[in-house]
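Everything on this sheet refers to the single structure shown next.
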Amino acid sequence: MSDLPNPDSLKPAPYGGSWRMRLAIGLLIVLAIGVVLVTNRWLSERFTETTRNRAELRLALYSGNMLSELQRTSVVPLLLVDDPAIRDALVRGRFSDTTLRLIKVQGEIGVASILLLDKDGRAVGATNRNLLGTSHRTSPYFVDAMRSRDTVFAAVPRAGGGYEFTYSRQIFADGRPLGVIVVGADLMKHERAWAGLQDAVIVADSTGTVLLATETIWRGKPLDEALMSAEESSAFGRALKGAADWAQNPPDAYVAGEAVLRTEARVPFRGWRMVAFTAYDSVRERVNGVIALVIMAFAILAALTFYMLSRRAWSQSQSLQRESAELRLLNARLNREIAEREKVQKTLEVAELTLAQSSKLAALGEMSAAVSHELNQPLAAMKTYLAGARLLLQRKRPEEALSSFQRIDDLIERMGAITRQLKSYARKGGEAFEPVDLRACLSSALAMMEPQLKQRVVQITRTLPRQPVMVMADRIRLEQVIINLLRNALDATKDVAKPQIDLLMTMGDLATLAVRDNGHGITDIGSVFEPFYTTKKPGEGVGLGLAISSGIVTDLGGRLTAHNAEDGGAVFEMQLPVLASASGRTPKAAE
């Protein structure tokens with residue numbers, strides 16, 4: 001309100017020494033920022049160097065353990081080529097006890113696996129019995145061993161991922177080759193041990209191909225490509241991360257979007273090298289701990305400064321009485337404004353009551369339109385049957401006329417059922433559901449539509465399952481939905497040269513009835529199930545058929561959908577829960 005006092009008038013008068021307080025606060029902030037930046041830089045460099053040294057020590061330990069495993073495994077083929085039992089088995093071709101012998105040696109020495117191959121590369125003994133009888137003629141460890149008299153090393157990719165590291169050596173007797181002994185080195189246990197640590201570790205061969213890695217997706221890839229595949233964050237994300245770490249030292253690399261320290265060490269074995277990536281988290285935690293203490297110290301100093309400067313508040317106490325009087329005046333004016341708002345609220349409530357009454361009248365109008373729409377179809381059929389009965393009576397064919405009267409009687413029963421259903425729309429839960437065969441409902445609906453179908457030449461094809469399609473529904477309401485869909489299809493094909501309607505019924509977890517026409521399709525799919533939406537001319541429809549049908553299918557626990565076919569026309573699909581599945585789902589041929 002315009003007569004309220006100006007809020008600026010309630011502010012205390014400026015204090016003459018305020019510039020001193022601002023200067024002190026500014027100096028304190030500048031000093032705090034400077035100390036934090038210097039401390040952060042110095043501690044980051046110191047803790048980073050410490051972390052890098054520890055990573056180098058860990059790499060030396062990892063490579064030493066791995067070399068020890070390789071050296072211990074490389075001696076085993078030398079021992080086994082001179083084993084009389086193994087050599088005698090190759091000479092005689094009898095291998096019944098060979099596998100047990102190899103398993104015993106494996107348990108005593110502790111290698112990953114032992115494989116005995118004959119001169120043709122066939123596995124005649126193995127600690128893994130699944131490999132017995134398999135051919136390894138083209139495997140590198142067999143080919144290289146047959147070409148050399150020394151122990152050869154091979155890293156062979158495995159089918160499930162990773163590599164198999166083996167030492168193999170040719171077995172001789174009387175100067176002729178008998179076979180090859182292959183011993184596997186268990187380097188995967190070191191990889192599993194590394195995976196339990198915070199560091200990401202990679203072992204690459206002389207060509208840069210990753211042989212061992214704590215991340216399984218890195219195996220078998222070049223080192224640079226493995227790091228690129230691990231990078232998940234975008235360039236924009238890295239820029240944001242760099243902005244967040246502006247006070248840190250530049251990282252050596254990014255792995256999975258995280259800044260890391262890269263430490264590399266040479267492995268004295270076939271030009272291998274080991275790389276470790278250590279996250280900056282440990283460095284940041286230690287630096288942040290010290291920075292937190294520094295910030296806390298400045299916070300305490302700032303609190304003391306504010307306490308000293310707050311003593312100036314005594315000079316403002318003289319204006320409290322004047323401010324109290326102004327606040328009382330403001331309170332009285334606010335009370336008057338509240339009373340005016342309450343009056344407006346009562347007026348709004350009256351308007352809401354009027355709007356509710358208008359909504360009720362609109363609902364009554366919609367219900368009347370629904371009754372008119374649903375009764376139009378039986379009335380039109382009755383008119384047609386009456387005309388047919390009159391013609392049959394004139395032609396002295398009373399028996400056939402009686403069938404028309406029976407159909408008229410059925411339509412009257414149907415009209416009564418429709419009015420009873422429309423009365424129950426305002427309340428849920430009064431329907432009498434029973435097991436219904438969807439095929440029988442479709443046949444009944446086609447019989448109901450017979451007069452309209454005879455007035456035009458329309459090709460109707462039906463594809464139905466051979467077994468009953470049982471659903472739990474109200475038969476009258478279900479037939480009402482099918483009739484609405486058939487009538488819409490007839491109206492859609494009114495201007496088509498060769499009208500065609502396809503009826504496809506399938507049964508799986510749901511019973512589905514698809515009604516497809518070759519009309520012009522639906523222009524507005526999103527509004528097709530809304531009440532009073534229609535593309536027909538005035539007097540031909542009110543746009544309630546599909547809205548009522550959708551509501552009925554929803555009450556039955558299913559759903560009604562619509563879409564345009566790729567080759568033209570519209571498709572309406574009704575899906576209902578199957579009551580009991582039948583065996584044998586062979587579709588019936590189209591009629």
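The values are calculated or read from the model by the stated rules, or taken from the named source; none is laboratory data. Just so you know, these numbers come straight off a predicted model, no measurement behind them. Counting neighbours? That spans all protein chains shown, and the Cβs are built from the backbone with ideal geometry, glycine included. These area figures cover heavy atoms from the full protein model, side chains too; ligands, DNA and RNA do not enter into them. Shrake-Rupley method; radii C 1.70, N 1.55, O 1.52, S 1.80 Å.
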(request) Tell me, yes or no, whether region 292-311 has at least one residue that is closer than 13 Å to Ala55 by Cβ and modelled with pLDDT of 80 or more. (result) no
(message) Looking for something at pLDDT 75 or above and more than 51 Å from the chain's Cα centre (by Cα) - is there at least one such residue anywhere in region 60-75?
(response) yes
(message) Take the conditions among the β-branched types (Val, Ile, Thr), at pLDDT 80 or above, surrounded by 12 or more Cβ atoms within 10 Å (Cβ to Cβ) and under 30 Å from Leu546 (Cβ atoms) and apply them to Val436. Does it pass?
(response) yes
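Condition check ((1) at pLDDT below 90; (2) of a type in the set (Ser, Thr, Tyr); (3) not in a strand (DSSP E or B)) across all residues:
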site: Thr561; (1), (2), (3): no, yes, no
site: Gly568; (1), (2), (3): yes, no, yes
site: Val571; (1), (2), (3): no, no, no
site: Met574; (1), (2), (3): no, no, no
site: Gly584; (1), (2), (3): yes, no, yes
site: Glu591; (1), (2), (3): yes, no, yes
(message) I'd like the full set of residues that are of a type in the set (Asp, Glu) and open to solvent by 90 Å² or more (accessible area, probe 1.4 Å), limited to region 140-161.
(response) Asp150
(message) Can you confirm whether Val36 is touching a helix residue (DSSP H, G or I) at 6+ places or on another chain (Cβ under 9 Å), over 18 Å from Ser168 (Cα atoms), open to solvent by less than 80 Å² (accessible area, probe 1.4 Å) and part of a helix (DSSP H, G or I)?
(response) yes
(message) Given the options Leu178, Leu187, Leu132, Leu117, name the one that is among the hydrophobic types (A, V, I, L, M, F, W, C), more than 21 Å from Thr73 (Cα to Cα) and open to solvent by less than 60 Å² (accessible area, probe 1.4 Å).
(response) Leu178
(message) Considering only region 466-474, I want to know if a residue exists there that is of a type outside the set (Gly, Ala, Ser), closer than 21 Å to Ala492 by Cα and open to solvent by less than 40 Å² (accessible area, probe 1.4 Å).
(response) no
(request) Considering only region 91-118, state which residues are touching a residue at least 40 places away in the same chain (Cβ under 8 Å) and part of a helix (DSSP H, G or I). (result) Val91
(request) Would you please name the residue that is least open to solvent (accessible area, probe 1.4 Å), looking only at residues in region 447-465 that are modelled with pLDDT under 90, out of contact with any Ser or Thr (no Cβ under 7 Å at 6 or more places or on another chain) and assigned to a loop (DSSP other than H, G, I, E, B)? (result) Met449
(request) Being outside any loop (DSSP other than H, G, I, E, B) and either surrounded by fewer than 21 Cβ atoms within 10 Å (Cβ to Cβ) or modelled with pLDDT under 75 (or both) is the filter here, so list the residues in region 517-544 that pass it. (result) Ile525, Gly526, Ser527
(message) So, Lys396, is that one at pLDDT below 85, outside any helix (DSSP H, G or I) and out of contact with any Cys (no Cβ under 7 Å at 6 or more places or on another chain) or not?
(response) yes
(request) Output the residue which, of all residues in region 43-80 that are without any contact (Cβ under 8 Å) to a residue 40 or more places away in the chain and aliphatic (A, V, I, L, M), is nearest to Gly271 (Cα to Cα). (result) Leu61
